[in-house]
1. Name the long-range amide H neighbours of residue B:85: under 5 Å, sequence gap of 5 or more, or other chain; modelled H, no Pro or chain starts.
2. Label-point separation (nm) for residue B:184 and residue A:295, each offset 7 Å from Cα along Cα-to-Cβ?
3. Under the definition of partner shielding as Cβ atoms of other protein chains within 10 Å of a residue Cβ, what is the mean value for peptide A:221-230?
4. Between beta-carbons, use under 15 Å as the cut-off and find the net charge around residue A:376, counting Lys and Arg +1, Asp and Glu -1.
5. Given 0.36 nm per residue, what is the gain on full extension from residue A:135 to residue A:308 after removing their alpha carbon distance, in nm?
6. Any idea what the relative contact order of chain B is, in percent, if you count C-alpha pairs under 8 Å spaced at least 6 apart?
7. Give the value in nm², to one decimal: projected area of the alpha carbon convex hull of the protein assembly as shown, averaged over all directions.
8. Over all residues in A:108-120, what is the mean tally of Cβ atoms on other chains that come within 10 Å of each residue's Cβ?
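Each value in this text was obtained by applying a stated rule to the coordinates, not by laboratory testing. Just so it is clear, the structure is predicted and the values come from calculations on it, not from any experiment. Neighbour counts run over all protein chains shown; Cβ positions are idealised from the backbone, glycine included.
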Amino acid sequence: MNNRLPETSNAHLLTGSGEGLAAVPRLPEARAVDRRRFLAAGAAAFAYGALGTRAEVAFAAAPEGGADAARYRNLLVLVELKGGNDGLNTVVPVGDPAYARLRPKLAIARDDAIRLSDRAALHPALAPLLPAWERRELAILQGVGYPEPNLSHFRSIEIWETASRSDEMLADGWLARTFARRPAPASFAADGVVIGDNDLGPLAGGGARAIALADPEQFLRRARLASPAGERRNPALAHILKIEGDVVQAASHLDGRHAYATAFPATPFGNAVKTAARVIANDAGVAVVHLSIGSFDTHANQAPTQARLLGDLAQGLAALESALREIGRWDRTLVLTYAEFGRRPKENQSAGTDHGTASVHFALGGKVAGGFAGEAPRLDRVGDGNLPHAIDFRSVYATVLERWWSTDARSVLGGRFETLPILRG
Amino acid sequence: MPIARTTLACAAAILAIPAVVLAGAPIGEDGARHLLARTGFGPTAAGIATHAPLDRETAVARVLATARTSAATAPPPALLSTEPLRPVNEQSSEAERKAFRQQQIREGIALRGWWMGEMLATDSPVTERMTLFWHNHFASSQQKVRVARLMYRQNVTLRAHALGDFGALLHAASKDAAMLLYLDGVRNRRGAPNENFAREVMELFTLGEGHYTERDVKEAARAFTGWSLERGTGTFVFRRLLHDPGEKSVLGRTGRFDGDEVLDLLLARPETAEHVVAKLWREFVSPEPDAAEVRRIAAEFRRSGYRIPVALSGLLATDAFWAPANRGVLVKSPVELVVGTLTSLDVAPGDMTPFALASAGMGQNLFSPPNVKGWPGGEAWIDTSTLLARKQFAESIARYDESRTMMAAGGMGARQRGGRTLAPDAAEGFPIIDVDDEPKARAQRIARALDRAFRELGFSASRWLASLPGDGPSAKRGTAQAILLPIAPAGSGIGARDEADALAFVRATLLDPAFQLK
């Protein structure tokens with residue numbers, strides 16, 4: 001192999017270094033931090049910005065680390081209810097005579113449910129959320145959905161996670177788009193951390209520094225294999241080195257050992273919450289933590305499965321609240337649930353429910369303005385069909401972007417969506 | 001990022017040594033490596049030696065002459081079963097559904113392992129690369145289709161036409177059972193049209209976005225009504241009573257079109273050839289198609305009656321394909337990474353199933369693309385999670401190097417040792433993945449199977465290095481690096497210390513960022 005290009009000749013092997021391309025300036029030990037400061041400094045911003053990612057370009061264009069640090073100290077915790085949770089048996093429309101008719105087997109008895117108002121009651125397994133409701137730190141978002149709903153798990157979760165219209169395919173998650181425009185400061189461990197799942201969901205796509213922590217110990221072990229130093233000779237290589245940098249940055253800031261007095265439930269979701277709480281305890285910030293629980297895809301024999309999952313969810317969220325109060329972060333935490341869809345109001349022949357449309361979701365946190373938002377389901381109108389939505393899910397996102405992070409929602413969501421009055425000023 | 005591209009092009013122009021290659025000049029070892037990496041799965045020393053003396057045209061012709069229309073290896077017998085298909089439905093009991101799911105998962109995993117094994121064993125890697133390309137183009141997913149056997153049949157169809165006629169491929173893929181299920185063709189009937197297939201066939205399979213109207217979609221959907229599947233066999237059947245025989249207007253033409261006629265209307269448009277050639281460019285040449293070249297090659301492609309080898313040899317003949325600036329500018333897909341690494345390192349596992357699952361862990365689960373657009377590919381292959389999965393793959397090869405496993409086993413054969421320590425796991429009968437497994441349990445089960453698979457590879461870095469051409473250790477390392485990396489190492493991970501240690505050298509090369517590129 002003597003006729004290889006000079007850059008791949010054996011010369012660098014003999015010297016034991018990769019200095020073949022002296023013409024390309026090297027980044028000084030390209031930690032993400034250094035790279036971004038380097039960019040902001042402006043000197044070689046053109047050269048590197050040209051090879052860099054959108055995030056870096058955006059950062060270079062708007063170097064307001066201070067404002068971004070303050071903004072993203074407001075933590076967003078997303079909880080995905082995988083498979084599509086049955087909203088009617090989560091927040092039960094006790095006052096609606098159609099409910100029992102649609103749910104001959106599955107209706108939750110009025111006396112079992114936890115009464116919140118004369119029209120709505122919580123599934124009994126959600127009792128651990130009652131203290132937050134009473135403190136008015138729990139908002140119940142009724143009828144969250146979107147026009148022309150798609151009933152496929154895969155497509156509908158994609159719609160939610162990319163914040164697209166029903167008939168529109170977008171490549172990047174809505175949070176990835178947010179961070180591409182306005183990244184978290186370089187001092188943060190990451191823009192977002194996804195726990196217990198390899199799918200980055202709303203953080204997927206170019207632009208976000210997103211870390212998937214299926215298993216934090218495994219991540220830290222594997223992270224030693226990453227090394228961001230190198231010559232960014234083409235865009236593909238520059239991207240790989242950027243990601244290597246993200247890994248190193250996150251790993252150097254994530255210490256999973258914070259000891260909480262809070263006891264975490266010994267469930268898969270409880271474990272994920274514990275990991276989340278430990279990630280959040282690190283001094284280096286993260287702007288988003290993504291958790292998931294499921295499967296809520298209860299086509300048959302729904303009652304025991306949903307009761308178990310809602311119990312896990314409520315206990316896990318109560319533990320999260322307790323842990324974040326311990327470290328003084330609860331007032332700067334907003335927890336939101338989401339799912340691809342709710343379920344059909346009319347139960348099926350297998351004591352289960354099939355894929356539906358709009359559903360109920362929770363917002364929880366120290367700054368949440370508790371109470372009901374949206375509209376209670378109007379069961380008298382649905383027949384065998386599905387519920388119309390009262391809140392477009394993109395209004396929930398707009399609320400996060402504008403009210404929680406004080407950033408522009410329109411450019412991320414591709415349109416104007418009203419914000420919801422679920423946060424205290 | 002127009003600025004980025006310009007800067008890059010300038011940088012590349014300065015850096016690259018202008019390679020003036022006259023027609024008829026040999027492509028050399030670099031050229032051979034490039035051609036084989038781009039059209040196959042990881043070059044080998046032998047492949048490079050064979051192709052290096054040939055000129056461009058002869059080398060490309062030799063690659064394309066290997067084309068096959070069927071697989072070289074036999075699939076798992078369950079996939080050939082002619083037992084009637086009995087998918088479950090809403091009336092089925094929970095036990096029936098679970099048994100069905102379990103069986104389909106099992107067959108689906110065997111299917112994935114088989115295809116990866118075919119990629120490794122075939123004498124025509126370009127056939128498998130094209131089959132994979134069409135799998136991504138005519139994307140269908142077992143997540144929705146559910147029946148593994150139908151995914152296998154689609155794979156057979158895609159391979160039969162992989163290097164044949166695009167027109168015949170389009171017709172066959174459109175009537176394929178998995179496709180009719182995946183894009184709801186079976187639900188598309190007279191009076192109740194479902195537009196899913198009609199939209200995607202225009203947007204993704206032929207014309208591309210912006211070259212058709214909503215009206216075209218609606219009208220075409222009516223033409224496709226009546227396309228259905230026979231219950232029990234999944235064979236295509238045209239149900240006349242469900243077909244809408246009325247007049248339709250599609251792309252400015254009006255007639256009582258049926259589905260085949262609409263496909264022919266789509267094939268008659270130049271945009272179709274351009275759309276396909278541009279996509280082939282991004283797969284084989286570079287991330288940024290050259291519009292003029294694409295138009296030129298697309299015109300030849302269409303004139304030839306959509307002969308796929310015409311498009312492919314046209315692309316592989318461009319100066320852009322051979323330009324030094326375009327080496328190492330594409331990201332390997334996980335499947336290419338896995339199959340290519342095993343090919344280059346000259347190891348052949350008996351069972352590729354665990355490696356198919358490793359690819360899934362890196363973001364490419366064969367037969368389950370994320371949606372009808374297929375895997376986005378390119379830089380999207382690499383995020384923190386998938387990059388670490390890729391690095392772990394390289395690390396595992398080094399960790400289970402024979403020199404280490406022998407040591408751990410006190411000099412005993414690694415295989416026996418592996419077999420004994422993992423006996424309890426083997427009794428579980430991998431590759432069974434239980435549908436009830438929590439994700440973590442599933443991940444652990446896959447990790448154990450992969451560990452065993454790596455152990456059983458019996459790879460030895462020192463033996464592999466010794467087998468390569470080159471005078472002396474330093475030259476052999478040059479050869480090794482040239483086989484494994486498309487460009488010089490990007491990082492500085494390969495240190496002086498590694499020069500003395502074959503395993504450390506191979507490990508550092510596999511962990512270099514440039515190893516992710518082709």
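1. B:232, B:233
2. 2.1
3. 6
4. 0
5. Here the segment from residue A:135 to residue A:308 would lengthen by 59.8 nm.
6. 17
7. Averaging across all directions leaves 38.0 nm² for the Cα convex hull.
8. Going residue by residue through A:108-120 and averaging, the value is 0.
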